[in-house]
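The values are calculated or read from the model by the stated rules, or taken from the named source; none is laboratory data. A quick note: this is a predicted structure, and the numbers were derived from the prediction, not measured. Here Cβ is always computed from backbone atoms with ideal geometry, including for glycine, and neighbour counts include all displayed protein chains. We work out accessible area using only protein heavy atoms, side chains counted, and drop any ligands, DNA or RNA first. Shrake-Rupley method; radii C 1.70, N 1.55, O 1.52, S 1.80 Å.
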Amino acid sequence: MKLVFAGTPEVAVPALDALIASGRHEVAAVVTRPDAPAGRGRRLVASPVAERAEEAGIEVLKPVKPRDEDFLARLREIGPDACPVVAYGALLPRVALDVPAHGWVNLHFSLLPAWRGAAPVQHAIMAGDEITGASTFLIEEGLDSGPVYGTVTEEVRRTDTSGDLLTRLAFAGAGLLVATMDGIEDGTLKAVPQPADGITLAPKITVENAHVDWSAPALRVDRMVRGCTPAPGAWTAFRGERLKLIHATPVPERTDLAPGELSVGKNNVYAGTGSYAVELLWVQAQGKKPMRAADWARGVRIASGERLGA
């Protein structure tokens with residue numbers, strides 16, 4: 001089939017690579033978000049998908065909005081059979097959805113209908129899911145509600161951050177997306193409506209959402225830290241400034257600390273929760289680089305009884 005691929009961040013690149021390498025389908029163009037400011041100089045930078053497409057000599061389309069007439073006219077000129085999508089980042093209007101004969105097929109990083117929305121992997125970790133996965137489905141105008149072509153499952157490991165899990169799903173999902181394109185072309189794959197039961201939502205996690213509640217149990221604090229790493233980053237307050245928590249682990253044998261209370265040893269930093277303590281392993285103070293929690297604690301000279309979250 002002739003394809004127009006839509007995607008923006010690094011997590012979409014494995015799927016684009018897999019489609020290019022398949023040898024069966026032609027990636028005629030790529031749709032991605034416009035260049036965005038990045039770095040200290042706020043210089044405009046192309047998306048990872050745009051950079052990969054340009055390396056491969058593929059036409060890149062960067063509409064401000066996918067309902068822009070110039071974009072729609074070019075899409076019709078190309079005449080794709082299908083448009084595979086991975087983390088494009090903009091809502092597709094009906095006028096765009098109707099262009100390809102086989103529609104726009106999204107690779108979503110959950111087992112639908114669970115975790116519909118922008119942050120399925122983060123929510124799966126924070127909810128304590130043991131199994132997650134990826135799904136390919138036909139995009140409709142509803143939120144991730146279209147019929148499903150296929151799924152692949154993935155275990156959520158005990159120490160997974162959302163970055164770890166998303167990386168594995170990006171590669172597993174890339175194979176699923178290619179297989180879905182193959183099945184659509186063959187006519188051997190039919191999309192099945194999602195069940196009405198089991199729907200959960202995964203809205204974008206904001207910085208405010210990532211504020212750690214030290215009165216929560218240790219396992220919930222651990223899931224919050226892992227689910228928000230690398231973005232937006234779980235955080236707490238310390239001496240009136242924000243402290244980002246990059247890596248922490250539950251320590252069931254430490255039950256002597258009040259929620260948020262700090263205990264500092266030679267090479268360890270513990271914080272109390274609503275159950276037992278967590279050990280802080282890596283943190284990032286405001287305006288500083290990430291560092292080992294023990295080094296941070298030595299630098300700030302934590303006094304007895306000081307707490308996080310105050």
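For the residues Gly265, Gly41, Gly57, a GNM of the chain with alpha-carbon springs under 10 Å puts the largest fluctuation on Gly41. Taken per residue, the accessible surface of the range 237-310 reaches 56 Å², heavy atoms only and a 1.4 Å probe. Residues of the range 208-246 with an amide N closer than 20 Å to a point placed 7 Å from the Cα of Met291 along the Cα-to-Cβ direction: 234-246. Applying a length cut-off of 24 Å (Cα extent along the axis) and a mean Kyte-Doolittle floor of 0.0 to the DSSP H helices of the chain leaves 162-186.
In the neighborhood of Glu155, defined by Cβ-to-Cβ distances under 12 Å, what is the net charge if each Lys or Arg adds +1 and each Asp or Glu adds -1? Display every interim value, and only then the final one.
On the way: positive: Arg157, Arg158, Arg168; negative: Asp129, Glu130, Glu154, Asp160, Asp164.
Charge balance in the 12 Å sphere: -2.
Values (1) 69, 46, 30; (2) 49, 46, 44; (3) 59, 44, 39 are given for comparison; Cα extents along the principal axes in Å, derived from the coordinates here, is the one labelled (1).
Which of Lys204/Lys288; Lys244/Lys288; Lys2/Lys190; Lys62/Lys244; Lys2/Lys204 have a Cα-Cα distance over 22 Å? Mind showing how you got there, number by number?
On the way: Lys204/Lys288 26 Å; Lys244/Lys288 10 Å; Lys2/Lys190 19 Å; Lys62/Lys244 34 Å; Lys2/Lys204 32 Å.
Distance filter (> 22 Å) returns Lys204/Lys288; Lys62/Lys244; Lys2/Lys204.
Per DSSP H run of at least 4 residues, take -39500 (n - 2.57); add these up for the chain, divide by its residues and hand me the 222 nm value, nearest 500 deg cm²/dmol. Don't skip to the end; give the middle numbers.
Working: 8 runs with 81 residues, N = 310.
Roughly -7500 deg cm²/dmol at 222 nm, from the helical runs in the chain.
Would you work out which of Gly103, Ser22, Thr167 lies farthest towards the positive end of the dipole of the chain, given +1 charges on the beta-carbon of Lys and Arg and -1 on that of Asp and Glu, about the Cα centre? Value computed over the given set: Thr167. Here Ala101 and Asp35 are evaluated by their C-beta separation; at R0 = 30 Å the FRET efficiency comes out at 0.45. Other residues lying with their Cβ under 12 Å from the Cβ of Val31 contribute a combined charge of +2, Lys and Arg counting +1, Asp and Glu -1. Running a GNM on the chain with Cα contacts under 10 Å, which residue among Thr132, Thr151, Thr188 ends up with the highest mean-square fluctuation? Its mean-square fluctuation being the largest, the pick is Thr188.
Comparing Lys266, Lys65, Lys190 in a Gaussian network model of the chain, where Cα atoms under 10 Å apart are tied by springs, the biggest mean-square fluctuation is seen for Lys266.
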